[in-house]
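Below: the structure, in structure tokens.
The values are calculated or read from the model by the stated rules, or taken from the named source; none is laboratory data. For clarity, every value in this text was computed on a predicted model and none was experimentally measured. Backbone-built Cβ (ideal geometry, glycine too); neighbour counts: all protein chains shown.
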Amino acid sequence: MDNIEEVKPANKFWRAVVFAVLFILPIGSVYYLYKGRAHSRTAKAELENLGKVDGFNLMNQQNQAITPKGLHGKVTIVNFLPGDLSKAKPLTDRIAQVHQSFDDSDDIIFLSFLVRDSSKNLLQTAKELGIEDHDQWYLLGTSQEEWKRLSTEVYHLPNGENGVAMADTSLQIRKLYDINSNQQMGRMIEHVAKVVPKQKRR
């Protein structure tokens, strides 16, 4: 009789486990799947069409000519740096945090426009700014006038130094972000995942 009493709690335990596996876990999985899809739809709905990228031909730190045509098929994350490197470095540090999320993707390019005579050694400047991935992150030197034109007229950033633009593979600008906002920069990572065509790994 004692043995029977000892088995009953164990039976109840295993029945509870089976019930959880058969009913509770599937319901929870469906709920979280639904929430994930809703979140994904919300992120996609936040994307806009802010105009096409065009009108520049600049040399990067490896003396390669960078044009919008050459960026076609890539998602581009774009920011603008002042000529004062002590002020530019904190901005590249912010972009570097985003770069870590995509540093093995062939589909994403980072562009940083710097107020700097492009004939100067941009490779050394890139190193001073902490830009090490020269295949994916391009430092482009521009005049002050060109810098302003690109930031306001091409990428539609009201305040160039504090803004980041994201353009899709068709060169359509899809969203602008505040570089100083952790929330917006995190959201940008989600948005990029929505527009990148496929994750080819380097």
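Miscellaneous remarks
- Answer from 187, 174 - the residue that is surrounded by fewer than 17 Cβ atoms within 10 Å (Cβ to Cβ) and modelled with pLDDT under 95: 187
- Criterion: small (Gly, Ala, Ser), assigned by TED's automatic domain parsing to the domain that holds residue 151 and closer than 26 Å to residue 52 by Cα - qualifying residue of 86, 101: 101
- Verdict on residue 177 being of a type in the set (Ser, Thr, Tyr), farther than 19 Å from residue 70 by Cα and not in a helix (DSSP H, G or I): yes
- All of 112, 101 fail the test of being closer than 22 Å to residue 149 by Cα and in contact with a helix residue (DSSP H, G or I) (Cβ under 8 Å, 6 or more places away or on another chain), apart from 112.
- Count - residues of the stretch 161-171 that are crowded, with 20+ Cβ neighbours inside 10 Å and part of a helix (DSSP H, G or I): 0
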